[in-house]
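Chemist: My questions all concern the structure below.
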Amino acid sequence: MSDWRIHILANGRFSVRFCTEEGLELMPSMENIPSLVFLLQSGSRCLIVDTGFDPEDVGGQGSSAVQGQGESLTEGLKGLGLAPGDISDVLMTHLHWDHTAGMGLFPGARFHVQADALRCFCNLNPNEETYYRPGHWLHLLDRMVFVEGSHELMPGIRLHHTGGHCPGHQAVLVETGQGTVALAGDLPFDYSGLWSALPADFWETYRRGKGGRLWWTKEQWETLYAFMEKKGLMNQPCQAESLGYGKLRRMCSRVFLTHAPELYPSPVGVLSVPV
Ligand SMILES: [Zn+2]
């Protein structure tokens, strides 16, 4: 059994609001959501799970973000005596905008992504495009490694398809000195109603106005589809069994979520597990 250490990096907080241009809230906002990045370390091996958000680029209308001193990903790594070049592998729970902003920081890393996380782009609700930032990762497609279901990446690190939060969502199971810890991204949160809860005229106005930049360009779609065709990813979704949140909780001694307020390092910095 390998003993990985998990370091929890503070990445800032954001609030997502969907308001009319006059500031009227169209649905309950998500306020002050803490964002975490997990760094896994065993000997000289360093991996990272998800890469945080860009405070200048939060989805929604009327949204805001705070990323103070010490909360950028590079500062978090520096706090551990590391630089982005020390990270060999980046494990992506999924590709939503608040997990992908730092992907371009890692010059030599491979990115481990469920194949379904790309396949889902063949059937995306048009408004759901706004939850992804292809600019964060389209230039990294050649460094992506695609997982079908579950995969033991190395001793003590397993990736497991969960679905749930979005197609191609995965959890990272880590063997630590205190048992198996699951890094479960956003698994229990369901945003599927968002695309229908907001009225069509909101989406139209949003797209014509400030939100317009969040819809993908024709060139971005063409780049993605050409890559998927080349890699044979235009086929059926993964048939492997998905691991639900309840089962994950029963299987693992602890489950850490990306936006867990109780895990947020205070004072800002890095929290190491086991402590
Ligand atoms: Zn998400």
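Chemist: Which far-off residues, 5 or more places away or on another chain, put their amide H under 5 Å from the one on SER63, with H placed in the peptide plane?
Modeler: ARG17
Chemist: What does the convex hull of the Cα atoms come to per residue for region 38-156, in Å³?
Modeler: Per-residue hull volume (Cα only) is 108 Å³.
Chemist: So what is the 222 nm mean residue ellipticity for the chain from helices alone, if each DSSP H run of at least 4 adds -39500 (n - 2.57) and you divide by all residues, rounding to the nearest 500 deg cm²/dmol?
Modeler: -4500 deg cm²/dmol
Chemist: Please give the FRET efficiency for LYS230 paired with THR74, using the beta carbon to beta carbon distance and R0 = 45 Å, rounded to the nearest 0.05.
Modeler: 0.90
Chemist: Leaving out same-chain residues fewer than 8 places away, which lysines sit with a Cα under 20 Å from that of LYS230?
Modeler: LYS218
Chemist: If the elastic network links every pair of Cα atoms under 10 Å, which of TYR225, TYR131, TYR191 fluctuates the most in the Gaussian network model of the chain?
Modeler: Among TYR225, TYR131, TYR191, the largest GNM mean-square fluctuation belongs to TYR191.
Chemist: What fraction, in whole percent, of alpha-carbon pairs in region 5-273 exceed 30 Å separation?
Modeler: Within region 5-273, distances greater than 30 Å cover 27 percent of Cα pairs.
Chemist: Another one. I'd like the distance between the alpha-carbon centres of region 56-127 and region 228-264, rounded to an integer number of Å.
Modeler: Comparing the Cα centres of region 56-127 and region 228-264, I get a distance of 16 Å.
Chemist: Connecting C-alpha atoms closer than 10 Å in a GNM of the chain, tell me which of VAL37, VAL145, VAL113 has the biggest fluctuation.
Modeler: Maximum among the listed residues: VAL145.
Chemist: Just name one of GLY104, HIS169, THR93: the one whose Cα is farthest towards the positive end of the charge dipole of region 59-176 (beta-carbon charges, Lys/Arg +1, Asp/Glu -1).
Modeler: GLY104
Chemist: Quick one: among PRO107, PRO265, PRO167, which has the greatest mean-square fluctuation in a GNM of the chain with alpha-carbon springs under 10 angstrom?
Modeler: Between PRO107, PRO265, PRO167, it is PRO107 that shows the largest mean-square fluctuation.
Chemist: What length, rounded to one decimal in nm, is gained on full extension from THR217 through to SER2, with 0.36 nm per residue of separation minus their alpha-carbon distance?
Modeler: 73.0 nm
Chemist: Still on this structure: Could you calculate the contour length gain from SER44 to SER88, that is, 0.36 nm times the residue separation minus the distance between their Cα atoms, to one decimal place in nm?
Modeler: Extending this stretch completely gives an extra 14.8 nm.
Chemist: Could you pull out every residue, at least 5 positions away or on a different chain, whose amide H is within less than 5 Å of the one on PHE256? Hs are placed 1.01 Å off N in the peptide plane, and Pro or chain starts have none.
Modeler: ALA182, LEU183, ALA184
Chemist: Between GLN178 and ALA260, how high is the FRET efficiency from 1/(1 + (r/R0)^6) when r is the Cβ-Cβ distance and R₀ = 22 Å? Nearest 0.05.
Modeler: Approximately 0.85, to the nearest 0.05.
Laboratory data are not the source of any read-out in this text; all were calculated from the coordinates shown. Because the structure is a prediction, the values reported are computed rather than measured. We place every Cβ from the backbone using ideal geometry, glycine too, and count neighbours over all the protein chains shown.
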